[in-house]
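Single-structure report; data block below.
The values are calculated or read from the model by the stated rules, or taken from the named source; none is laboratory data. The structure presented is a predicted model; accordingly, all values stated were derived computationally and were not measured. Positions of Cβ are backbone-derived with ideal geometry, glycine not excepted, and every protein chain shown enters the neighbour counts. Areas reflect the complete protein model, heavy atoms only, side chains present, ligands, DNA and RNA absent. Shrake-Rupley method; radii C 1.70, N 1.55, O 1.52, S 1.80 Å.
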Amino acid sequence: MRTYAGHSSAAASNELYRRNLAKGQTGLSVAFDLPTQTGYDPDHVLARGEVGKVGVPISHIGDMTALFDEIPLREMNTSMTINATAMWLLALYQVAAERQAEAAGESPEEWVHALGGTTQNDIIKEYLSRGTYVFPPGPSLRLITDMITYTVREIPRWNPINICSYHLQEAGATPVQEIAFSMSTAVAVLDAVRDSGQVPPEEFPDVVSRISFFVNAGVRFVEEMCKMRAFVELWDELTRERYGVTDAKARRFRYGVQVNSLGLTEAQPENNVQRIILEMLAVTLSKDARARAIQLPAWNEALGLPRPWDQQWSLRMQQVLAFESDLLEYDDLFTGSVVVERKVADLVAGAKAEMARIEEMGGAVVAVESGYMKSALVASHAERRRRIESGEDIIVGLNRFETTEPNPLTADLETAIQTVDANVERAAADAVRTWRERRDADPAQRARAAAAIDRLKADAASGANLMAASLECARAGVTTGEWAGALRAEFGEYRAPTGVSGSVGVGSAEPGEALALVRAAVARTSEELGEKLRMLVGKPGLDGHSNGAEQVAVRARDAGFEVVYQGIRLTPAQIVAAAVAEDVHVVGLSILSGSHMELVPEVLQGLRDAGAGEVPVIVGGIIPEGDASALREAGVAMVFTPKDFGLNEIMGEIVGVIRASRGLAPLEPAYPHG
């Protein structure tokens, strides 16, 4: 039983962890901030606005030691949501455990051998959804392979990878896509380990037995439960037939769950509680496909960062299910169900067909590099949006049953979510600079750190397993930015396909429909201005959750805009430069990480400095109303949040903003409002 937690600093997160453990939480699920996830120190320019926002910043062994102060790692089961820099964080975790063992007068080797937990380490889904990748697919797969082969021998209770279908569903995946894409990722990883020659064939079942999955559970209860049974069936078949694993225990489908965040609403957020309960039941009712670990979001996650009390509420949901109900006391309730068997068979057949398609392309890596998988997800997400906007899919409180009594939970929105102190970033930046200065002031320590970085670069070039060099970097006081920088120099960086150009949007529209009206407004405005309307969709900072930005870009294209979308991880200066170079009529910024108050004003000022201050800027994301008001006062034309789900309406509003900025008369009622 976990809650996904971490923010501000190692010390603040340690306090939160110890408090949660005292409440009955049985494992830790560490959220790292975006600079840590993408290999930057807090004082790097790209870390601006992102330090401590969506997780805890960990820059070196000092931070990792502080994060787990008074939490004995030998006894803990720790899940770490970390991917591109997973090897580095595991190295820091191991060294922190070694230091705890030494302080206790015990054997560091025994402590390391006893460590239990998981590094997420699924880089394929990062190219498709979360966006915290760093290196190209080939070197990234090598890092994963090196970690797996190391942990199987040295940390045998550790799950070195958690293949994540969770984020695929958040990016719009259907159940069939969720199963097929994650299983194809597993095939890519297992093939890479097998072909590396680092594990003899007789030990390969040990590799298979340490592969775990991290799955999403949506609110469509029966479909989600059947999906889990399909996962179990496919994994057993795959590991037996493709990899020859005869031990049934080694073939178990081992998975943890975070229930769906995509379906949580800002409108009437109290409804999220029953959604979370239903989603939890989908992965617990079927004993033969039951999750090993569950972490639940909080009811207010669509509003901002949950508070400790909100996390406690989610933990208590699990405890009531486990200890008050009799749900865990019986054999599988669905064995022999004709309905369930038929649905499972349909999902298995669909997933096998999609897996075969990916295999024919050359596997998951090729399917990422070609843009196939990303385009498929963007198209599926666009179809989901269409169903919600049309009312075909009912979301209670959002597009149906919208009348509501005043909500006491959100009566004071300023206190309904956790806020991160604005001084956190400056303190972290100062601290990492001090760490490097003190380390380098000692000639011996400086030499050891330099030698460790040199060894890391040499091993990266030679093809050696990189865990040993990473462990030495951790012991030598190397920072996260230095470790990642050394590998960037050798492997290069990567920009994944956005999936926007190859995706299918909502298609044609009948006269009088909302999209047709917006298209007419776009066409008329383009005609009056004598040029096609151009929109830049930008993702400033390190926030890689690009689903919303992609859907805006696709719908804008469908509405007749020329769309400029360069993907994720851009500095404000890069966005300004693109807006000026492309001579756009509007700039749309998407931020879900909470860095809007730092990054949006920089874009506004950059446009003014470039002589393009008249170009309107609109912003979308998880933005509290107080911040939205401040952004509007700073010059933002419009702010959209998750409650603004109607993309056609949003497009119409944007046309109105452009017309106003260019001195054109309003077109009402030529495009839809309300």
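Tabulated data for the structure shown
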quantity	calculated
Residue that is modelled with the lowest pLDDT [pool: residues in the stretch 474-522 that are in a loop (DSSP other than H, G, I, E, B) and of a type in the set (S, T, N, Q)]	503
Candidates 589, 664, 631, 607, filtered to the one that is more than 21 Å from residue 549 (Cβ to Cβ) and either crowded, with 20+ Cβ neighbours inside 10 Å or hydrophobic (A, V, I, L, M, F, W, C) (or both)	664
Options 601, 624: the member that is closer than 21 Å to residue 546 by Cα, in contact (Cβ under 8 Å) with a residue 12 or more places away in the chain and open to solvent by 40 Å² or more (accessible area, probe 1.4 Å)	601
Residue 302 among the aliphatic types (A, V, I, L, M), assigned to a helix (DSSP H, G or I) and within 30 Å of residue 555 (Cα to Cα)	no
Number of the exception - residue 638 against (1) open to solvent by less than 30 Å² (accessible area, probe 1.4 Å); (2) under 28 Å from residue 386 (Cβ atoms)	(1)
Total residues in the stretch 276-286, condition open to solvent by 30 Å² or more (accessible area, probe 1.4 Å) and either of a type in the set (Val, Ile, Thr) or assigned to a helix (DSSP H, G or I) (or both)	3
Candidate set: the stretch 237-250, residues that are within 18 Å of residue 185 (Cβ to Cβ) and either of a type in the set (S, T, N, Q) or in contact with a Phe, Trp or Tyr (Cβ under 7 Å, 6 or more places away or on another chain) (or both); chosen: the one most open to solvent (accessible area, probe 1.4 Å)	243
Any hit, the stretch 198-210, residues being under 25 Å from the mean Cα position of the chain (by Cα), among the aliphatic types (A, V, I, L, M) and either at pLDDT 95 or above or not in a helix (DSSP H, G or I) (or both)	yes
Matching residues in the stretch 6-19 - criterion: being assigned to a helix (DSSP H, G or I) and either hydrophobic (A, V, I, L, M, F, W, C) or surrounded by 22 or more Cβ atoms within 10 Å (Cβ to Cβ) (or both)	10, 11, 12, 13, 16, 17
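Per-residue answers, yes or no, for (1) surrounded by fewer than 24 Cβ atoms within 10 Å (Cβ to Cβ); (2) of a type outside the set (Lys, Arg); (3) within 24 Å of residue 152 (Cβ to Cβ); (4) in contact with a Leu (Cβ under 8 Å, 6 or more places away or on another chain):
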| residue | (1), (2), (3), (4) |
| --- | --- |
| 56 | no, yes, no, yes |
| 65 | yes, yes, no, no |
| 77 | yes, yes, yes, yes |
| 85 | no, yes, yes, no |
| 95 | yes, yes, yes, yes |
| 98 | yes, yes, yes, no |
| 108 | yes, yes, yes, no |
| 113 | yes, yes, yes, no |
